[in-house]
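The values are calculated or read from the model by the stated rules, or taken from the named source; none is laboratory data. Here the structure is a predicted model, which is why all the values come from computation and not from measurement. For neighbour counting, all protein chains shown are included, and Cβ atoms are generated from backbone atoms with ideal geometry for every residue, glycine included. Keep in mind that these areas ignore ligands, DNA and RNA; they rest on the heavy atoms of the full protein, side chains included. Shrake-Rupley method; radii C 1.70, N 1.55, O 1.52, S 1.80 Å.
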Amino acid sequence: MSTPAPSEATPPVFTATRITDDLTRVPLSLPPLPWYGAVLNVGGLAGLLFLSVLFYCVEGYGIFGTNNTVNWGNDIASYIFWIAVAVAGTLVSSILLLFRQRWRNAVNRSTEAMTVFAINIAGIYPLIHTGRPWVDYWLIPLPWDGLGLAPQFKSPIMWDVFAITGYATASVLFFYLGLLPDFATLRDRAKTTWQRLLYGTLCMGWKGTASDWRHYERAYSQFAWIATPLVIGMHSTIATLLAVTHVPGWHATVFPPYFVSGAIFGGLAMALVILVPMRKLLALENYITTDHLEKLSKIMLAVGLVVGYVYVMELFSAWYSENPVERDQYWYRMFGAHAWAYWLMIACNVGVVQLLWFRSIRRHAGALLLIGLLVNVGMWFERFNIIVLSLEHEYIPTRWTYYSFTPWDYLLLAGSFGMFFSQFLIFARIAPVVSIAEIKTVLLRRHKEGSHD
Amino acid sequence: MTDADSTAVSTPTAAWQVGFFADDDGLKAAARACRTAGWQVDAVTPWPVHGLDPILGLERSWIGRPVLGVILLGLLAAMGGLHFLGVVDWPLNVSGKPYFAWPLFVVPVLETALLIGAIVNFNLALHTSRLLPNPLVEIVSARCTDDRHALVVLGADPAAVRAKLIELGASEVGPLVLTSALSIAHGETAHV
């Protein structure tokens with residue numbers, strides 16, 4: 001899996017045409033053979049999601065492991081997991097843009113795609129969780145819905161509806177705006193009439209006049225300004241949703257920054273899981289270089305330390321609060337029936353990530369893929385611990401219980417990964433996974449100046 | 001329509017001449033020289049060329065203030081709407097909270113305002129460049145989304161313009177002929 005860092009060998013000579021050729025090859029001609037195999041595999045996994053949701057619609061909510069005590073189970077844990085994946089995508093596309101990090105141009109398209117695909121998967125979970133998905137439109141304040149009632153805006157559940165819809169819509173628009181010039185490139189290099197029609201329609205008749213670019217760039221940077229508070233607000237809202245309750249383990253003021261940093265941490269891990277195989281599969285090692293992976297893993301290490309700090313602070317706050325229920329909750333997490341889930345989280349999120357202190361590991365693509373996978377496991381269990389363990393072991397001992405997955409929970413969770421990777425593979429088939437117009441501004445200038453940006 | 005928006009490409013005439021340039025600096029130098037000569041100049045580029053706008057006499061994009069404006073309006077409208085909902089239309093006592101509990105409304109209000117801002121921002125970007133789903137749009141050259149900047153120049157004497165463009169280092173020079181994007185064959189440049 002390891003690839004020699006192109007920057008350490010002779011740097012490749014980039015011309016504009018070469019960049020266009022490399023990045024339009026897959027959308028305009030047949031993808032490499034492994035792509036088909038990957039689509040079959042993850043497509044099959046995605047089928048499990050549909051199967052699970054279909055059976056749920058027929059049979060009802062009882063097919064899942066959720067019960068009267070643990071009334072937020074897999075649904076909400078996985079929902080937060082996927083939303084967090086989206087958050088890291090916006091970090092790269094918007095926050096790094098505001099910080100003028102030009103290296104982001106190599107990875108921002110992939111992470112923006114990751115954002116869009118992760119949000120639509122996250123959205124499935126709360127819509128299922130309502131129990132009657134066919135009336136989910138009641139969440140939208142529609143005056144004509146026949147209820148004669150508006151939703152309860154004093155409830156954090158409503159905040160969440162607004163946070164997610166706002167964030168999802170803005171992310172899709174941002175993603176699409178970024179794609180316009182590249183769709184125009186595909187239109188102008190299309191080999192068949194249907195490709196010309198498809199990309200000609202998708203690019204909205206983009207011409208690339210100086211005036212177009214000036215408005216486009218302004219709109220693009222304004223999207224970053226809009227998306228940054230949206231994403232931080234959105235994930236803080238989800239954290240607040242938990243923190244405003246009195247459930248032990250949730251009722252903590254640290255939750256919003258805890259969730260946002262955890263989201264960036266886990267989402268960057270997911271970015272590595274996507275980027276490392278993708279750059280190999282599509283032969284993009286010259287564009288998504290080892291330097292880029294190293295920069296992502298450095299950010300990941302930094303936020304990973306914040307996450308580790310919060311884990312310690314949670315324990316300290318519980319002890320310092322002198323609240324017996326709060327103390328008991330954390331004792332239960334560490335030594336209770338689900339202690340394995342807690343220590344798995346610690347091992348992955350606090351332990352494994354320390355490997356990133358070593359430069360040789362940060363520059364080893366295979367190692368990063370493995371670390372990314374383990375951190376994803378750890379971050380899923382973080383949400384599992386927060387949601388399930390708190391509810392399992394709340395105030396009233398007679399209500400204490402043990403939550404376990406049913407086969408349908410497993411299918412739903414596995415299917416969501418299949419759905420995510422399927423969408424990503426299809427996206428990589430029809431659009432350039434690196435922004436052609438943006439990467440040219442970086443690589444051609446670097447080539448001219450003979451130095452790294 | 002402002003001066004800046006009336007681009008050469010939207011008003012094609014045979015009198016326009018086009019010169020192709022491979023690099024940003026060559027394009028900017030040529031654009032400056034042609035402007036100094038008193039000719040009308042526009043450019044079509046595969047990537048944004050920074051520093052080109054002032055040379056072409058283009059002002060900073062105006063879409064910032066409208067977006068900020070609708071975000072602020074969105075804040076007011078959403079908060080006002082929730083006031084109407086909670087106080088006028090359907091006052092409901094929820095665990096003793098005030099009817100107009102504004103701190104509880106900050107999140108939906110902020111998110112709604114930013115959502116409106118995002119939608120307006122996107123649509124302004126499309127509007128200012130007159131972008132619509134249109135595969136039949138006319139383009140200068142297929143290479144203008146690949147590796148060539150096109151400098152489009154209108155002067156009184158086409159021959160003089162072409163001579164100047166060659167002198168300025170254009171790789172190809174000729175009269176502007178717009179071609180439908182649908183009919184462009186791969187690898188061909190415009191008929192110049």
- Task: State all residues of region B:99-115 that are more than 7 Å from every other protein chain (Cβ to nearest Cβ) and either β-branched (Val, Ile, Thr) or assigned to a helix (DSSP H, G or I) (or both); if no residue qualifies, say none.
- Result: B:Trp102, B:Pro103, B:Val106, B:Val109, B:Ala113
- Yes or no: A:Arg429 open to solvent by 20 Å² or more (accessible area, probe 1.4 Å) and within 30 Å of A:Thr185 (Cα to Cα)? yes
- Query: Considering only residues of region B:40-55 that are free of Cβ contacts under 8 Å to residues at least 24 places away in the same chain and at the interface with chain A (Cβ under 7 Å from one of its Cβ atoms), which is farthest from B:Ala22 (Cα to Cα)?
  - Reply: B:Asp53
- Query: Any residue at all in region A:294-302 that is among the charged types (D, E, K, R) and open to solvent by less than 60 Å² (accessible area, probe 1.4 Å)?
  - Reply: yes
- Query: Assuming A:Thr169 fulfils every condition listed in (1) under 19 Å from the mean Cα position of the chain (by Cα); (2) open to solvent by 20 Å² or more (accessible area, probe 1.4 Å); (3) more than 7 Å from chain B (Cβ to nearest Cβ) apart from one, which condition is it?
  - Reply: (3)
- Query: within 14 Å of chain B (Cβ to nearest Cβ), of a type outside the set (Ser, Thr, Tyr) and either within 15 Å of the chain's Cα centre (by Cα) or assigned to a helix (DSSP H, G or I) (or both): does that describe A:Val116?
  - Reply: yes
- Task: Only residues that are without any contact (Cβ under 8 Å) to a residue 40 or more places away in the chain and not in a helix (DSSP H, G or I): list them for region A:252-295, please.
- Result: A:Thr253
- Does region A:215-236 hold any residues that are without any contact (Cβ under 8 Å) to a residue 40 or more places away in the chain and within 8 Å of chain B (Cβ to nearest Cβ), and which are they? A:His215, A:Tyr216, A:Glu217, A:Arg218, A:Gln222, A:Pro229
- Query: Which of the residues that make up region A:154-195 are touching a helix residue (DSSP H, G or I) at 6+ places or on another chain (Cβ under 6 Å), in a loop (DSSP other than H, G, I, E, B) and free of Cβ contacts under 8 Å to residues at least 24 places away in the same chain?
  - Reply: A:Lys154
- Residue check: is B:Ala118 farther than 24 Å from B:Phe20 by Cα, in contact (Cβ under 8 Å) with a residue 40 or more places away in the chain and either in a loop (DSSP other than H, G, I, E, B) or outside the structural domain of B:Thr45 (by TED's automatic domain parsing) (or both)? no
